Amino acid sequence: MSTHATGLPMHSRDGARWIFDPGALCLEFLVTGGPGRLARWETLNRPDDLRTWLAASRLHLDPAQVDVTAEALASARGVRDALWRLIHDAAHGTGEEVGEDAGEDADLTPTDADLAEVNRAAARPPLAPLIGADGTRDWQLPADAEQVVSTVARDAIDLLTGPFADRIRECDAHNCQLIFVDTSRPGRRRWCSMERCGNRHKLRAHRARRDPKDKKGTHEPEEVPSP
């Protein structure tokens, strides 16, 4: 699991902007879209879209130095969708019903094929790390999309088999599906970001204490914000 905490700049349909740090590279990759009903949040439509994510992610790669073909992009989306199912399952538990309509999560049920997809990606050569001139960790460039996806898949394997595997969680807001790993010492993180969902919860709780009849904000439309 990557330990370089940075955070993705995010925005949502209501125009809000904030920073989301899910705690792992593979979880940053999930923000680009997903299978089933998550497909409406797809952002990896062109090779340049993956390059844009690479620059924004904790990898901070120079997009001009990463070769992304249309075929490699399609493969990257396939690995990402497999990761969504595996990681969603880790967050909620096999067979656990989630949300008001558990049927909506049928597209997020993991299969043996998902494991095989991630393992195949991880078996390919990853990005090669190096020590930068300033003494910080960097990556050998130029590189290609397969190396990037291999690095993401290996990060996911580290997360799913490591000490924080039972700390993978979905944001507690009813209309947010962002997934993060809680690396805090008490293990009580509930929100994708205190700037966003945590703050909205505090405001709703404050209104409820002031006026128990005020239910405003309890039926906001579902959203998965995008970088």
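Could you list, in sequence order, all residues of the stretch 26-37 that are out of contact with any Phe, Trp or Tyr (no Cβ under 9 Å at 6 or more places or on another chain) and crowded, with 24+ Cβ neighbours inside 10 Å?
Listed by number, the list holds a single entry, C26.
Name the residues in the stretch 92-133 that are modelled with pLDDT of 95 or more and open to solvent by less than 30 Å² (accessible area, probe 1.4 Å), would you?
Hits for the stretch 92-133 are D114, V118, A121, A122, L127.
Give the residues of the stretch 3-59 that are part of a helix (DSSP H, G or I), farther than 21 Å from N175 by Cα and of a type in the set (K, R), sorted by residue number.
Once the filter is applied, which keeps residues that are part of a helix (DSSP H, G or I), farther than 21 Å from N175 by Cα and of a type in the set (K, R), the stretch 3-59 yields only R51.
Say whether the condition of being part of a helix (DSSP H, G or I) and either in contact with an Asp or Glu (Cβ under 7 Å, 6 or more places away or on another chain) or modelled with pLDDT of 90 or more (or both) is met by at least one residue in the stretch 198-219. If you could, list the steps in order and put the result at the bottom.
Pass one, the stretch 198-219, residues part of a helix (DSSP H, G or I): 198-210.
Still in the running and either in contact with an Asp or Glu (Cβ under 7 Å, 6 or more places away or on another chain) or modelled with pLDDT of 90 or more (or both): 207-208.
Yes: the stretch 198-219 contains one or more residues that are part of a helix (DSSP H, G or I) and either in contact with an Asp or Glu (Cβ under 7 Å, 6 or more places away or on another chain) or modelled with pLDDT of 90 or more (or both).
For the stretch 134-154, give me the residue count where each residue is open to solvent by 70 Å² or more (accessible area, probe 1.4 Å) and either hydrophobic (A, V, I, L, M, F, W, C) or within 21 Å of D81 (Cα to Cα) (or both).
Within the stretch 134-154, residues that are open to solvent by 70 Å² or more (accessible area, probe 1.4 Å) and either hydrophobic (A, V, I, L, M, F, W, C) or within 21 Å of D81 (Cα to Cα) (or both) number 2.
Considering only residues of the stretch 175-196 that are open to solvent by 20 Å² or more (accessible area, probe 1.4 Å) and in contact (Cβ under 8 Å) with a residue 12 or more places away in the chain, which is nearest to A16 (Cα to Cα)?
So in the stretch 175-196, the residues open to solvent by 20 Å² or more (accessible area, probe 1.4 Å) come out as 183-186, 188-191, 194-195.
So of that shortlist, the ones also in contact (Cβ under 8 Å) with a residue 12 or more places away in the chain come out as 183, 189-191, 195.
On the way: T183: 25, R189: 21, R190: 19, W191: 16, E195: 10 Å.
If we take residues in the stretch 175-196 being open to solvent by 20 Å² or more (accessible area, probe 1.4 Å) and in contact (Cβ under 8 Å) with a residue 12 or more places away in the chain, then E195 is nearest to A16 (Cα to Cα).
Take residues that are within 26 Å of L73 (Cα to Cα) and tell me which of the strands (runs of 3 or more DSSP E) falling wholly in the stretch 112-197 contain 2 or more.
Working: elements: 129-131, 137-139, 168-170, 179-181.
Output list reads 129-131, 137-139, 179-181.
How many residues does the stretch 53-64 contain that are out of contact with any strand residue (DSSP E or B) (no Cβ under 7 Å at 6 or more places or on another chain), in contact (Cβ under 8 Å) with a residue 24 or more places away in the chain and either aliphatic (A, V, I, L, M) or open to solvent by 30 Å² or more (accessible area, probe 1.4 Å) (or both)?
The qualifying residues number 2.
So which of R17, R40 ends up being open to solvent by 30 Å² or more (accessible area, probe 1.4 Å), more than 16 Å from R154 (Cα to Cα) and touching a His at 6+ places or on another chain (Cβ under 8 Å)?
Every option except R17 fails the conditions.
The values are calculated or read from the model by the stated rules, or taken from the named source; none is laboratory data. Note that this is a predicted model, so its numbers are computed, not measured. Cβ atoms come from the backbone with ideal geometry, glycine included; neighbour counts cover every protein chain shown. Note: accessible area is taken over every heavy atom of the protein model, side chains too, but ligands, DNA and RNA are not part of it. Shrake-Rupley method; radii C 1.70, N 1.55, O 1.52, S 1.80 Å.
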